[in-house]
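Take a look at the structure below.
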2 protein chains.
Amino acid sequence: MATTAPNESTRAPVTRESAVRAAVALADRDGLDSLSMRKLARELGIEAMSLYYHVTGKDDILDGMVEVVVAEMALPADGANWKAALRDGAESARAVLGRHPWAISLMDSRTTRATLNHHNAVIGCLRNAGFSIGLAAHAMSLLDSYVHGFALQEASLPLDESGDIGAATEEIMGRQDLMAEFPHLSEMAVAHILQPGYAYGNEFRFGVRVILDGLETALAADAATASRGRL
Amino acid sequence: MATTAPNESTRAPVTRESAVRAAVALADRDGLDSLSMRKLARELGIEAMSLYYHVTGKDDILDGMVEVVVAEMALPADGANWKAALRDGAESARAVLGRHPWAISLMDSRTTRATLNHHNAVIGCLRNAGFSIGLAAHAMSLLDSYVHGFALQEASLPLDESGDIGAATEEIMGRQDLMAEFPHLSEMAVAHILQPGYAYGNEFRFGVRVILDGLETALAADAATASRGRL
DNA sequence: GAACACACCTTACATCGTATGGTACATTCG
DNA sequence: CGAATGTACCATACGATGTAAGGTGTGTTC
């Protein structure tokens, strides 16, 4: 790894891109809150203010980080099977956001070329599959909201390093007062979440399937309405 | 309005609750980023450090803010019609998060009694409707992820004060380079989003309907499987 | 009238983003 | 060849932030 500051006399000049990549690595490791211009500079082997030679400010770095993350997401493949394409795209997005949890809220609050490109591709996939403009808007909103929302929930789960949710749930459920106050939650914890083999990530496949099946139904209904209108 | 600092000689003592309520109001007005202990104290007519007599720190205030917001959300009514109950609950949650956009990411990163209570009620509603534990877990994850994700997207849309998205879209679409680079997006903007009467909030109803219909299908399939197993 | 709790304050520190104004070295140009 | 220009960096400083440490004054209670 060459991410830590090498000998300063031989170091290649910092660029906007290397700064952004270092910032992503830092946020991945320590979280977005502890990403500061000073720490980032130290990581790059320079002083904080030297960063301002390469970027216009911290916002510029955050924008760059979003671009990096969105670029990691696979665009929906175009082809006959729109459901498979969107499913794979959703899985890819979720995996990427799982690797970069800090990016979730960042993504939605910044408009970058990468994001526009991604949206464009999704709309293209839907339009090719026969979705009307309005239905495509509905579909993209639904799917994106779900993916981002799931990533948000998943990111803030108290998972231990093995992705296991059990420890934290056990801790909560160890409190008898809470068990009594929230019986349904307790039942779900002991009878389902604490069972061996449970992983919250698996809920995602169910959600995507329900949504895509629902969209397929809506598409068929829309087509029927449209063809009736044509008679 | 009595939120600004009144005459200090007659002011009622600050409490944890009044501090939290003032913090919510401040975050609603100026955003979460500009909520600082000093500004909050000024709003309350005291000095920053005096807040520490009532709360243990800023985290304590953030926890309190989440409780306030979650408490504003209607719990799903129990009764025969689980779909209507969950739909109304979802609409309520979305409306609340629309009023307090800063709460979205805060909610998912903190475990409060109010949140546990809400989850418990949703599970109860599903279980009463005949959902198995596993299917209820699926359903709650799906619905919650969607609602939070939608709120997140809606919160970060560049809406003007009338809730209109047109201005920002027009600004982007005014750039010919982007129009050419993202044709599907452009088409959606000019042919759909910029049309009079379009409001992004309306996408929510569609999403909730698709999800609830999908859950109903899954419930029926689950019941069929279970009864086959009983034969 | 002494002890005490309550509600507040002052000062101070490390850390944050960044405005301002340098410095050392490389390349280009007259 | 010397001067000008541009590149990549640095030092200092300012006003914010959260909060630790240690007062101050005004009740209320024995």
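Here are the numbers for this structure:
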item	result
Cα convex hull of chain B, projected area averaged across orientations, nm²	17.7
Stretch in chain B that is longest and holds no GluC sites (Glu not before Pro) that DSSP places in a loop and that have at most 12 other beta carbons within 10 Å	B:48-160
Computed over region A:16-55, the ratio Rg/Rh where both radii use C-alpha atoms and Rh is Kirkwood	0.93
Span-like helix ranges in chain B, DSSP H, alpha carbon extent 18 angstrom or more, Kyte mean at least -1.0	B:16-30, B:58-72, B:82-99, B:113-128, B:133-155, B:203-230
Spherically averaged projected area in nm², based on the convex hull that wraps the Cα atoms of region B:1-129	8.7
The protein assembly as shown: projected area of the alpha-carbon convex hull, averaged over directions, in nm²	28.9
Likely footprinting exposure, B:His100, B:His192, fewest C-beta neighbours within 10 Å first	B:His192, B:His100
Cut-off 15 Å between beta-carbons: net charge of the residues surrounding A:Ile123, Lys and Arg +1, Asp and Glu -1	-4
Relative contact order for chain A, counting Cα pairs under 8 Å that sit 6 or more residues apart, in percent	15
Structure-based [θ]222 nm, chain B - -39500 (n - 2.57) summed over DSSP H runs of at least 4, per residue, nearest 500	-20500 deg cm²/dmol
Phi to ³J(HN,Hα) by Karplus 6.51 cos²θ - 1.76 cosθ + 1.60 over region B:192-200, Hz, x for Gly, Pro	9, 5, 7, 5, x, x, 6, 9, 4
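Here, each number is a calculation from the coordinates, and none is a lab measurement. As the structure is a prediction and not an experimental result, all values here were calculated from the model. Cβ atoms come from the backbone with ideal geometry, glycine included; neighbour counts cover every protein chain shown.
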